[in-house]
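Report on one structure; see the data block that follows.
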């Protein structure tokens, strides 16, 4: 989709627009994409239209995403990727969280509430809104993190739940994460 629309952009930027960025690299990826839009002659409006929805789908707020694009356009001009500039694909340093971790004892999950997953989705989401549900994985430090998940419209998700309840679709011991996806705002 983006290949023909933004043919001047490097592959890494097109890949970001198509697939997003992992947690810990979301701001930086949006910023670098904005730089490439700028350095390849696209307007800031074109960059906002392409990057902001992508960054929001990855979990940034709209204001964070817009800030990344503005900063990319305010940065010192450079050569576009693929035109003499080297791009480093090294992992970004991990940022220290701004919260204090409190150790707690694990608790058993409550018993499954019959039809509770459908009730939650109908209550929390309006028709036409998007829902992203992700299971978890354990990283090398033993921390439990959400995956990117799967995105559904509310209606598709409710149809999917009608086939079988959520606890039969996913059987993760560490729970699920639900994200709200804003599109077109």
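The values are calculated or read from the model by the stated rules, or taken from the named source; none is laboratory data. It should be emphasised that the depicted structure is a prediction, and the values quoted were computed from it without experimental measurement. Positions of Cβ are backbone-derived with ideal geometry, glycine not excepted, and every protein chain shown enters the neighbour counts.
Return yes or no: is residue 56 at pLDDT 90 or above, part of a helix (DSSP H, G or I) and closer than 25 Å to residue 178 by Cα? Show your work before the answer.
Values: at pLDDT 90 or above: yes; part of a helix (DSSP H, G or I): yes; closer than 25 Å to residue 178 by Cα: yes.
For residue 56, the condition - at pLDDT 90 or above, part of a helix (DSSP H, G or I) and closer than 25 Å to residue 178 by Cα - is met.
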Residue in the range 1-22 that is modelled with the lowest pLDDT, counting only those that are in a loop (DSSP other than H, G, I, E, B) and in contact with a helix residue (DSSP H, G or I) (Cβ under 8 Å, 6 or more places away or on another chain): 1
Members of the range 114-130 found to be in contact with a helix residue (DSSP H, G or I) (Cβ under 8 Å, 6 or more places away or on another chain) and farther than 13 Å from residue 155 by Cα, listed by number: 117
Answer residue from the range 41-53, given it is surrounded by fewer than 18 Cβ atoms within 10 Å (Cβ to Cβ) and outside any helix (DSSP H, G or I) and is modelled with the lowest pLDDT among those: 41
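With the structure loaded, tell me whether residue 159 is assigned by TED's automatic domain parsing to the domain that holds residue 122, on the phi > 0 side of the Ramachandran plot and either over 22 Å from the mean Cα position of the chain (by Cα) or surrounded by fewer than 15 Cβ atoms within 10 Å (Cβ to Cβ) (or both) or whether it fails that test. Give the steps one after another, and end with the answer.
On the way: assigned by TED's automatic domain parsing to the domain that holds residue 122: yes; on the phi > 0 side of the Ramachandran plot: no; either over 22 Å from the mean Cα position of the chain (by Cα) or surrounded by fewer than 15 Cβ atoms within 10 Å (Cβ to Cβ) (or both): yes.
The answer is no for residue 159.
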Residue within the range 95-115 that is under 25 Å from residue 23 (Cβ atoms), without any contact (Cβ under 8 Å) to a residue 24 or more places away in the chain and either in the same structural domain as residue 23 (by TED's automatic domain parsing) or not in a loop (DSSP other than H, G, I, E, B) (or both) present: no
Scan of the range 167-185 for residues that are surrounded by 15 or more Cβ atoms within 10 Å (Cβ to Cβ) and over 26 Å from residue 60 (Cα atoms), ordered by number: 169
Single unsatisfied condition, residue 74 versus (1) modelled with pLDDT of 85 or more; (2) over 26 Å from residue 15 (Cβ atoms): (2)
Members of the range 109-139 that are modelled with pLDDT under 85 and loosely packed, with under 10 Cβ neighbours inside 10 Å: 110, 111, 114, 139
